[in-house]
Each structure stands twice: as C-alpha cells, then as structure tokens.
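What follows is a single structure, and I will ask about it in a moment.
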Amino acid sequence: MTVAQALIAFAVAAGLLTLTPGLDTALVLRAAAVEGPKRAALAAIGIGVGCLAWGAAAALGLAALLQASALAFTALKWAGAAYLVWLGLNMLLRPRVRFEVTAAAPSGQGDAAWLRRGLLTNLLNPKVGVFYVSFLPQFLPRGVAPAPFIFLLAGLHVVMGLIWFACLIAATQPIATALKRPAVVRWLDRATGAVFLGFGVKLALERR
C-alpha cells in the first residue's frame, strides 16, 4: 500500500467513524443547543486536543513496539484485528435504535469549563486509545517512519472531526432531529460496523 492509498483508505474509514454518533457528538450537540455555538466550539476543540494526545501516545507506543519486536507488533495487529471484527459484528448485528443527545453535561459553567470538559470526555474514554492502537497500524505503508505517519493519521482524524463538529454547531436542530430517528442511527451503526469488519479481516489476512 502506497502513502496515497493509505491516506485515501484512512479518510474513508475515519470519515464514516466521525459521522457515527457517540459521546463526543452528544457533548457538542448538547452544548450547541443549550449553551450556544461558542461553548460548543470550545468543547469540540477540547475533544480534538484529546484525540491528538491519544494519537501521539499511539504513534510513539506503536513505533517503539515495532522497533523493539516485530513479533510483538504482529501480535498487537492480530489483537487489533480481533477487536475490529468484534466491534464490527456488534454494530452490524445489534445496532442502536436511539441516540441520546441530551445525555451530556449540566449547564451553567464558564467557557473554559467546556474546553476542559471536551478534553476530559475524550481522554477519559479508553475506547479512543484502544481504537487508535487497533485501527491506525493497518494504514502504515511499507518503508514509512511509523511515529510521524501514525500521528499524521490522528491529525487527519481530528481535522475531520472538527469539520463535522462545525456542521453540528451550524445545524444543531436538524442534525439532532435526524440522529433521534432510529433508522438513521441503525444505518450509521451498520455501515460503520461493515467497514470495521472489513478492515479487521483485512488486517488479520495482511502479511508484512
């Protein structure tokens, strides 16, 4: 896989992941609806910083593991493949039927608190770290320095997330209404699950 192919494949997968609603989406939507666009933007920036921190940790850790032991890195990739397949099957077979936009944070806090809340919401979610460690290595082309490239992928994910959050903030009510529809949530979960399953199988079968 070339660098261009890796970036395109990652953009497709990460883009779909970005659209799939989760804790971060709930926080930004709730902040936009109740606290206004400024505080929603601060929460989104905090989430982005958290993703960059997870990305840096994943990049440095995976690079060190690759340098220390090819066998250990292979074992990690197999574990990552199993995790992605499990995650994909769960989303395909048991998609959510609803998404709670209001299950975020209490109101009445200052601007800085929303930046901090966005950061902590992301950093305290271990699923983000596990996902980065499982997902990012398969997009590493041959002959490319692992740490900078993996961090680049994390940075691209953050940029996509901020663009999506900007859309959420600009169209809070229509998007929130759409995400409350069971058919929309099920479709997003199943589409994302199919992508995760495909990448998990690809990761398991890939030889390096």
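The values are calculated or read from the model by the stated rules, or taken from the named source; none is laboratory data. The model shown is predicted, which means the values in this text are computed figures rather than measured ones. Heads up, the Cβs are rebuilt from the backbone with ideal geometry, glycines too, and the neighbour counts pull from every protein chain shown.
What do you reckon, is LYS38 modelled with pLDDT of 80 or more, out of contact with any Phe, Trp or Tyr (no Cβ under 8 Å at 6 or more places or on another chain) and among the charged types (D, E, K, R)? Before you say what the answer is, go through the steps one by one.
Details: modelled with pLDDT of 80 or more: yes; out of contact with any Phe, Trp or Tyr (no Cβ under 8 Å at 6 or more places or on another chain): yes; among the charged types (D, E, K, R): yes.
Judged against the criteria, LYS38 is a match.
A further question on this structure: ASN125 - would you say it is modelled with pLDDT under 80 and not small (Gly, Ala, Ser)? Give the steps one after another, and end with the answer.
Working: modelled with pLDDT under 80: yes; not small (Gly, Ala, Ser): yes.
It is true that ASN125 is modelled with pLDDT under 80 and not small (Gly, Ala, Ser).
Okay, moving on. Could you please give the count of residues in region 140-193 that are over 22 Å from ALA31 (Cα atoms) and among the small types (Gly, Ala, Ser)?
So the answer is 8.
What are the residue pairs meeting all of these: first residue in region 87-98, first residue more than 13 Å from LEU197 (Cβ to Cβ) and modelled with pLDDT under 80, second residue surrounded by 14 or more Cβ atoms within 10 Å (Cβ to Cβ) and acidic (Asp, Glu), Cβ atoms under 6 Å, and 6 or more apart or on different chains?
ARG96/ASP189
So LEU119 passes all but one of these: (1) farther than 23 Å from LYS38 by Cα; (2) in a helix (DSSP H, G or I); (3) touching a helix residue (DSSP H, G or I) at 6+ places or on another chain (Cβ under 7 Å). Which condition number does it fail?
Condition (1) is where LEU119 drops out.
Here's another thing I want to ask about it. Only one of these is free of Cβ contacts under 8 Å to residues at least 12 places away in the same chain and over 19 Å from GLY129 (Cβ atoms): LEU65, LEU42, LEU71. Name it.
LEU71
Any idea which of GLY22, GLY55 is at pLDDT below 80 and either acidic (Asp, Glu) or within 24 Å of VAL195 (Cβ to Cβ) (or both)?
Being at pLDDT below 80 and either acidic (Asp, Glu) or within 24 Å of VAL195 (Cβ to Cβ) (or both) holds for just one of GLY22, GLY55, which is GLY22.
List the residue pairs whose Cβ atoms are under 8 Å apart, where the first residue sits in region 3-19 and is modelled with pLDDT of 85 or more, the second is not in a helix (DSSP H, G or I), and the two are 6 or more positions apart or on different chains.
Short answer, once both residue conditions are applied: VAL3/PRO141; VAL3/VAL144; GLN5/PRO141; ALA6/LEU140; ALA6/PRO141; ALA9/MET1.
What do you reckon, is ARG186 at pLDDT below 85 and not in a helix (DSSP H, G or I)?
No; evaluated as a whole, the condition is false for this residue.
Touching a residue at least 40 places away in the same chain (Cβ under 8 Å) and either among the acidic types (Asp, Glu) or under 19 Å from ALA44 (Cα atoms) (or both): which single residue out of ALA166, ALA194, ALA171 fits that description? Break it down into steps so the answer makes sense when it comes.
Numbers: ALA194 fails: either among the acidic types (Asp, Glu) or under 19 Å from ALA44 (Cα atoms) (or both); ALA171 fails: touching a residue at least 40 places away in the same chain (Cβ under 8 Å).
Just a single option satisfies the conditions, and that option is ALA166.
If you don't mind, another one. For region 110-130, give me each residue that is in contact (Cβ under 8 Å) with a residue 40 or more places away in the chain and hydrophobic (A, V, I, L, M, F, W, C). Show your work before the answer.
Step one: list which residues in region 110-130 are in contact (Cβ under 8 Å) with a residue 40 or more places away in the chain, which gives 111-112, 114-123, 125, 128-130.
Within region 110-130, ALA112, TRP114, LEU115, LEU119, LEU120, LEU123, VAL128, VAL130 meet the criteria.
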